[in-house]
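Each remark here refers to the structure printed beneath this line.
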């Protein structure tokens, strides 16, 4: 097909302009004021409160139940009546037989408030689409408010837990949010998250062949998939359709027309596209500068930029390309995913871009594992264990494949441990543990490999395979070496289905008393416990208060934590999740300030997302959890 690029570009220039769809980079963090921050768990309880808590320690150590939700119902330790954990006969119970009737679910009529029951106290009506999210996701927000909030947060979240929650949120259908502006916002968010395939599937569902907006978004997705010819066909089509597209996408459409000119070696049209893009407000970028250079047949001189887009990279390819180091450091998620899945990507860029995309959560652990399998060199296990063979990403891929293929338990355990250590060193610890979990499940916990028990527990926790973690703890307890009882406490925190909650915390007291917990880790532990409504054992408070409370970590600007508290009390689920992402900052729970961490966990739990709140607590604690490191 031959394109008349001057006509395409002129047509693009004539498109009407809608208000800008502002999905820019995340706003810089500002220190929160004291009035916005709730009291941190720094000071030990008052003496009277301490005496009350000590009353709960009367049973023998092996029978203690230290932690229970604050404000436990009658029948809990210290109360009377029905047994804690059992239904309260005075409460309203859902009628499962009426869940399928029109206008109601789980026996509760939507919008109805029962006498004597506050709206905020009602359990949310859960969706039946398997997402684990409530039926009404975007209550309390209109498109403008949602657009404004999304423009201020890092997408995709660097936190694996928040990314999973974000992906479920943005891909789940929600009643009342089917207008065109909301659809465009969702598609833009999916693309920014590196989820071009999911965005393409959403466009296909909407059948937007006559919408210039959806055709433009489809063209961008085809470019991300490596289909340049199809992308250019769609760019040509969008210029002939009647309708409006947002100004930001209009500029990208003109740049895509310039890219199509570049691949057809139409230099004058490429230069014209660059001029028109600037008129539409497109800021200086490698793609824009590459079109300028192509128009005058010169070598481009690139200005420093915060981010390199997929379109920038593809245009720059026409004039020699960009330095690989810069691409890996500044490439947007969609670009990194495209490079990871494109067989034409240079070898020294392909595997590193794959891992860079995984660090941004733009690739799932399963996708990264699949790419490792396909690209891994076959290297003898002994060479890998001795440090010989390929290095960098190629070494991790070879270790992963060797661990999967190995049949000897001892050597398999060593390969798994080596792979996980290497992955942690490259910032892929949680992802690596999730990738290697199916292989670890093939190992039968046994005294002969008891040295591997702690690694097995860690992999089980990171992957949500809590029974695997318990099995390895049991082997360690029988092996005569250092026990792993403190890991049981972490399972207690992470597993929302734990039946004997709070019976594993005696080991934490021992660890704290012996100075095995770094002070920062101990404060994070007490913060997580309080946020999950546990009663923190007095010895942990005492140990924490021997050192100053950490004040480092990311804090959002004034007002965010207050807004988060209000949204979670109203059970505005989408609003709550986005505010948690904003409150924790670009690096998630691991680097958040204790105040923001505690408030975020409380908000998710209050909004009905307790399993996610517990996983977020695990994410905050796992990297600094005390390890015995027996070998």
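What follows draws every value from the coordinates through simple rules; no lab data is involved. Since the structure is predicted, the reported quantities are computational estimates derived from the model, not experimental observations. Neighbour counts are summed over all protein chains in view; Cβ atoms, including those assigned to glycine, are modelled from backbone coordinates with ideal geometry.
Packing, taken as the mean count of other beta carbons within 10 Å per residue, orders the peptides 582-589, 423-430 from highest to lowest as 582-589, 423-430.
Remark: 612, 265 ranked as 265, 612, counting other beta-carbon atoms within 10 Å and listing the fewest first. The length gained on full extension between residue 305 and residue 411, counted as 0.36 nm times the residue separation minus their Cα-Cα distance, comes to 33.5 nm. Counting 0.36 nm for each residue step from residue 242 to residue 551 and taking away their Cα separation leaves a gain of 105.7 nm.
The simple Förster model, with R0 at 51 Å and r as the Cβ-Cβ distance, assigns residue 500 and residue 373 a FRET efficiency of 0.85. Here the ratio of the Cα radius of gyration of region 467-541 to 2.2 N^0.38 Å is 1.11. The calculated FRET efficiency for the pair residue 514 and residue 348, based on their C-beta separation and a Förster distance of 60 Å, comes to about 0.80. Subtracting the Cα-Cα distance of residue 448 and residue 268 from their residue separation scaled by 0.36 nm leaves 57.6 nm.
For a modelled paramagnetic label at residue 542, 7 Å from Cα along Cα-to-Cβ, the residues of region 481-522 in reach, with backbone nitrogen under 14 Å, are 509-515.
Put in order of Cβ neighbour count within 10 Å, fewest first, the listed residues 495, 383 become 383, 495.
Among 497, 465, 412, 205, the ranking by other beta carbons within 10 Å of each residue's beta carbon, starting with the fewest, stands as 497, 205, 465, 412. Between residue 569 and residue 467, the modelled label-to-label distance comes to 4.2 nm, taking each label 7 Å out from Cα in the direction of the beta carbon. Between residue 441 and residue 227, the simple spin-label model (points 7 angstrom out along Cα→Cβ) gives 3.4 nm.
With each label modelled as a point 7 angstrom along the Cα→C-beta vector, the residue 143-residue 204 pair spans 2.5 nm.
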